[in-house]
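A.B. asks: Please find one structure pasted underneath; my questions will follow.
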Amino acid sequence: MTAAIVADGVRKKYGDIQAVDGVSLRVEAGEFYGILGPNGAGKTTTLEIMEGVREPDEGRIELFGKSPWPRDLALLNRIGVQFQSSSFLDKLTTRETIRLFASFYRLGTRRADEMLERVGLTEFGKVPADKLSGGQAQRLSIACGLVHSPEIVFLDEPTAGLDPQARRNLWDLLRQVNEEGRTVVLTTHYMDEAELLCDRVSVMERGTVLKTGSPAALIRELEDSVRVSVESGLINEEELPKLLAAAGVADASVEDDGVSLSITTRTPGPVLSMLADRGSLRGLAVRGGTLEDVFLQLTGREYRA
Ligand SMILES: Nc1ncnc2c1ncn2[C@@H]1O[C@H](COP(=O)(O)OP(=O)(O)OP(=O)(O)O)[C@@H](O)[C@H]1O
């Protein structure tokens, strides 16, 4: 496969803060790639270094085999960056904003209007860009980053702060962008978003990549991958270890938060039988592992976005 992006040993410090501490990764052409982690993990800094808007202190970045720093005009035409919607120019309408971005690439108004249609904003063309809703503003900023048909698109937390419906609409748009063959790299602190959209993810914390892989592969590697929950109080917690041992379940970890009793195990079958035999299935929920569990296992800490 052809690498769209290669990062090798990238480091960046702000004063005393080591924001990025030796990041290496490789994004294949056409991949949907996620960089995820909690606030302050170094995602934005890593993305900015890839985009060529920030110089790394150490390490190497290549986009299609070329360094994005110092700025390379030929490369700039091949990458698209979603700007923060807060940086739209005052007083410009939605249509004027996309037309302005098109003009940067010497593209005509037709292309700009096509992009507006593409992201479903034609009817909002006359609305001042800074009066759009959160989801609309994000769609406009994505349209601005896509107007010149870039091969790689970089998005920094594109769905942060959006309501669930607006997030889903944006996910559909991003999927289409990727299906057109473009490489998409996004940062997110939403694990569900990464799990749903990304072919592969790098989980970051404190400036380093803890693990890279497809969400499904990372979840499969989890030691305890199924969580069986029932209503709290159905089984005496002190009795539970004996019941689990009698059922031949040796690997369970048990958590009772007063609402649900959760048993996490690699062998859910006998756990379910034991609960069924005792008539203790009220409120039953069974779920597989998630990327949040992957984070927990990697760091020993609950994931807090
Ligand atoms: N321009 C800057 N000057 C000084 N420190 C910075 C600067 N930008 C980021 N930092 C610090 O570097 C660290 C990594 O920040 P970065 O924004 O890259 O992380 P992030 O994972 O994108 O976080 P978030 O999800 O909150 O945006 C943080 O501790 C942050 O406070």
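A.B. asks: Can you figure out the FRET efficiency of ALA245 with ARG301, using R₀ = 35 Å and their beta-carbon distance, to the nearest 0.05?
C.D. replies: Given R0 = 35 Å and the Cβ-Cβ separation, E is 0.75.
A.B. asks: How are the Cα pair distances of region 125-282 distributed, in percent, across 10 Å bins from 0?
C.D. replies: All Cα pairs, binned at 10 Å, distribute as 9, 27, 21, 19, 15, 7, 1 percent.
A.B. asks: Taking the simple approach of a point 7 Å from Cα along Cα-to-Cβ for both ARG111 and GLU55, what is their distance in nm?
C.D. replies: 3.1
A.B. asks: Regarding the chain, what's the average projected area of the Cα-atom convex hull, expressed in nm²?
C.D. replies: Taking a quarter of the hull surface, the average projection is 19.0 nm².
A.B. asks: Of the DSSP beta bridges with both residues in region 98-216, give the percent that are antiparallel, rounding to the nearest 5.
C.D. replies: Here the antiparallel bridges make up roughly 50 percent for region 98-216.
A.B. asks: Still on this structure: With the calculation restricted to Cα positions, what are the radius of gyration and Dmax of region 142-193 in angstrom?
C.D. replies: Calculated on Cα positions, Rg and Dmax stand at 10.9, 30 Å.
A.B. asks: Give me a comma-separated list of calculated 3J(HN,Hα) values for region 193-202, in order, Karplus coefficients 6.51, -1.76, 1.60 applied at θ = phi - 60°, integers in Hz, x for any Gly or Pro.
C.D. replies: The phi angles translate into 5, 4, 5, 6, 9, 8, 5, 9, 9, 10 Hz.
A.B. asks: Any idea how far the Cα center of region 120-186 sits from the one of region 4-53, in Å?
C.D. replies: 21
A.B. asks: Kindly work out what percent of the DSSP beta bridges joining two residues of region 3-214 are antiparallel, to the nearest 5.
C.D. replies: Taking every DSSP beta bridge with both residues in region 3-214, the antiparallel ones total about 55 percent.
A.B. asks: I've got another one for you. First check a/c for region 99-183, with a ≥ b ≥ c the square roots of the eigenvalues of its C-alpha gyration tensor; if it is under 1.5, answer rounded, and if not, answer prolate when a/b is larger than b/c or oblate otherwise.
C.D. replies: Oblate shape, in that a/c is at least 1.5 and b/c is the bigger or equal ratio.
A.B. asks: Cross-chain or 8 or more residues apart, Cα under 23 Å: how many lysine pairs in the chain fit that? Count them up, please.
C.D. replies: Pairs that pass both the separation and distance tests number 9.
A.B. asks: Which whole-number percentage describes the relative contact order of region 3-214, with Cα contacts under 8 Å and a sequence gap of 6 or more?
C.D. replies: 30
A.B. asks: State whether region 226-288 is rounded, prolate or oblate according to the following rule on the C-alpha gyration tensor (a ≥ b ≥ c being the square roots of its eigenvalues): a/c under 1.5 gives rounded; otherwise a/b larger than b/c gives prolate, and the remaining case gives oblate.
C.D. replies: rounded
A.B. asks: Let me ask another. Express the relative contact order of region 1-115 as a whole percentage, based on alpha carbon pairs under 8 Å and six or more residues apart in sequence.
C.D. replies: Answer for region 1-115 is 23 percent.
A.B. asks: Let me ask you something else. May I ask you to compute the full-extension gain from GLU231 to ALA3, defined as 0.36 nm times their residue separation minus their alpha-carbon distance, rounded to one decimal in nm?
C.D. replies: Fully extending the segment from GLU231 to ALA3 adds 77.2 nm.
A.B. asks: How would you rank LYS66, LYS126, LYS43, going from fewest to most other Cβ atoms within 10 Å of each one's own Cβ?
C.D. replies: Fewest-to-most ranking of LYS66, LYS126, LYS43: LYS126, LYS66, LYS43.
Throughout, read-outs are computed from the coordinates displayed, never taken from laboratory work. Computed from a prediction, not measured in an experiment: that's the story for all the values here. Neighbour counts run over all protein chains shown; Cβ positions are idealised from the backbone, glycine included.
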